[in-house]
1. Given the protein chains as shown and a 1.4 Å probe, how many square angstrom of residue B:180 are accessible, to the nearest 10?
2. Need one value for A:39-47: mean number of C-beta atoms belonging to other chains within 10 Å of its residues' C-beta atoms.
3. Tell me the net charge near residue B:26. Cut-off is 14 Å between Cβ atoms, residue B:26 excluded, with +1 for each Lys or Arg and -1 for each Asp or Glu.
4. Sorted by accessible area (1.4 Å probe), largest first, how do B:26, B:4, A:110 line up?
5. Pop out the ³J(HN,Hα) list for the range B:14-29 in order, Karplus 6.51 cos²θ - 1.76 cosθ + 1.60 with θ = phi - 60°, rounded to Hz; leave Gly and Pro as x.
Amino acid sequence: MVTAVAVEQWGGPVPRRHLRAVSNETAPPEAASPTLEELLLACGRGSSEAFDALYAELAAQVIRVARRVVHDPDMAEDVAQEALVEAWRTSPKYDPARGSARAWVLTIAHRRAIDRVRREQRQRDQVEAEAATAEREAAPGAQDTVVEVDFRRWQSARVREALDVLSDLQREAIELAYYGGRTQAEIAEQLGVPLGTTKTRIRDGMTRLREALKEVPR
Amino acid sequence: MSIHDLVSAYALDALDADERRDFEAHLATCPSCQEELAGYDDVLGALAEPSDATEAAADDAAAARLAASLRERIAATEQVAEGPSAPTAETAEPTRPEANVTDIRARASAPTGPAAGAESVPSSMPEPVRRQPRRGSRLLVAAASLLGIALAVTAGLMLADRGDSSQLAADIERIRTAEDVVEQPLGLGEAVAYVSASEGVALVGETPGLDDEETYQVWVVPADGSAPVPGPVMADGDSEVVWDTDLDGAAAIAVSVEPEGGSTTPTEVVTAVEL
Ligand SMILES: [Zn+2]
């Protein structure tokens, strides 16, 4: 198990928006600055200024989402850039009724990251195919060993606390989907449980996670 | 489980491509799913929170470092046509031949678009580290205008199956890691083009689906305006192709949609990467 950052005391970066509100009483009301949705819609009309503003709000999150899936920091930056270009390119199609701007952009990053991992994996698999065949014959089963990753290293204290409310099985399904980039069907196959069971775990787990996060202070 | 129950899996990005398409079609008409989806915004935001102050600082720094080059890249990126759709709408889907050529020409002659964005980029911007593909360029028009010109090609130019997959993978790796390689989005689904003057061209990744009797084909578009040089065919979906070709005097790599087996002149150019 990797617990590289677990020893650090959680001080937690205070979200910038909150900081601003507390430290500057005379600041203009929040409503005066455009929402992320307004910014993304403006991107869709070709405003590069809106993209700059959106970038300032979301780029670090996009980089993190990419890193939680691809792990390698350089590759994560690369994926994040691709995702942000993709967000700009497809922003004319953004419809606020179908999700928040943040969810929309972060989902693009998540998918891009999964695509990259799969592409890299595919190439490694092919390059190593012959050698692996020989090895597998020598030591059957060795290649099936799942490398255990401690997803907690990627989680804020707030997320860890909220995830603790879930059952182990719910948490496992959500972590495999988010950090492992797996679909419900792939998770069901990997865990050897029926697809319906996996769907239920994800649905109930997400509901509980959503409610738990409301209870945990930022 | 009904389709309404897929909201959270959709938010978590745990649906496969087919399920996602079905759910998005449903989402467009279901206010209750739209409302529930909005409720997961905080979950996604929380999952993207930094694990600690060190990570937060590192990512803020990385974001600041990448800002200028991102601005360059979006200035060089043409946006899709308007019309609501979900995050990963496929946009490079080949259309009917006539419509596609018209589309390419229309985009090529459009006075605004990405160029308008470029003007608003501060002049203090550093030079881009590498050239971006400029779709709808005059080179693409050149490729499109050559449609219908008969071209005699030696059979040897048509590369067939490269043989076993490990050889293909090794070739791709050789091109990907070549010293002069340039990686660019192909502009076709998720596919990426690796172009190396010394090692050749590799196209790798997910391309939009085609009809049963159609295939993609790769072309080199010469800078001198002569006819495109036909290259290997490439299947749709998850595909890889390697072309050990001479890029001397080439202006662009183009991809077309062709009848099964490929053609000697491009039928329907769907994307091009300028060199
Ligand atoms: Zn619904």
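1. Surface open to solvent at residue B:180 totals about 60 Å².
2. Values: counts 0, 0, 0, 0, 2, 4, 2, 8, 3.
Per residue, the average neighbour count from other chains is 2.
3. Details: positive: A:98, B:20, B:21; negative: B:5, B:18, B:19, B:22, B:24, B:35, B:36.
Charge balance near residue B:26 sits at -4.
4. Numbers: B:26 35, B:4 85, A:110 5 Å².
Listed by decreasing accessible area, they come as B:4, B:26, A:110.
5. Those phi angles translate into 10, 9, 7, 4, 5, 4, 4, 4, 4, 5, 4, 5, 5, 4, 4, 10 Hz.
The values are calculated or read from the model by the stated rules, or taken from the named source; none is laboratory data. Here the structure is a predicted model, which is why all the values come from computation and not from measurement. Positions of Cβ are generated from backbone atoms using ideal geometry, with glycine treated the same way; all protein chains shown enter the neighbour counts. Ligands, DNA and RNA are stripped out before the accessible areas are found, and what is left, the full protein with its side chains, is counted by its heavy atoms. Shrake-Rupley method; radii C 1.70, N 1.55, O 1.52, S 1.80 Å.
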